[in-house]
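S.K.: Sending over a structure as structure tokens; questions will come in a sec.
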Amino acid sequence: MSCTTARLSTSYRPRLRGEDRAQVARDLAEGYEAGASIRAVADAADLSYGTARTLLLEAQVKLRGRGGAR
């Protein structure tokens, strides 16, 4: 008896590269700088939080600190 793991989905999103990646990064940066959270811009672009954060850093966006107003 072998133990195999079945994938739920066999299709993957193609990697963002080149100008497409730069355009997505600019779009995310625009939303983030308008006040949206990383999670909100990630959800809007159907990306993971980590990917959205990486793209924001690539777009040289200064990330806000954690937590709300004090």
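S.K.: Which residues, taken from region 33-56, are under 18 Å from residue 20 (Cβ atoms) and open to solvent by less than 80 Å² (accessible area, probe 1.4 Å)?
M.R.: Matches in region 33-56: 41, 42, 45, 47, 48, 51, 52, 54, 55, 56.
S.K.: Does region 16-58 hold any residues that are over 12 Å from the mean Cα position of the chain (by Cα) and part of a loop (DSSP other than H, G, I, E, B), and which are they?
M.R.: Of everything in region 16-58, those that are over 12 Å from the mean Cα position of the chain (by Cα) and part of a loop (DSSP other than H, G, I, E, B) turn out to be 17, 34, 35, 36.
S.K.: Starting from residues that are exposed (fewer than 10 other Cβ atoms within 10 Å of the Cβ) and among the aliphatic types (A, V, I, L, M), keep the ones in region 1-29 and report whichever is modelled with the lowest pLDDT.
M.R.: 1
The values are calculated or read from the model by the stated rules, or taken from the named source; none is laboratory data. Everything numeric in this text was worked out from a predicted model, so none of it was measured. Don't worry about glycine lacking a Cβ; one is built from the backbone with ideal geometry, like all the others, and counts go over all protein chains shown. The area values use the complete protein model at the heavy-atom level, side chains included, leaving out ligands, DNA and RNA. Shrake-Rupley method; radii C 1.70, N 1.55, O 1.52, S 1.80 Å.
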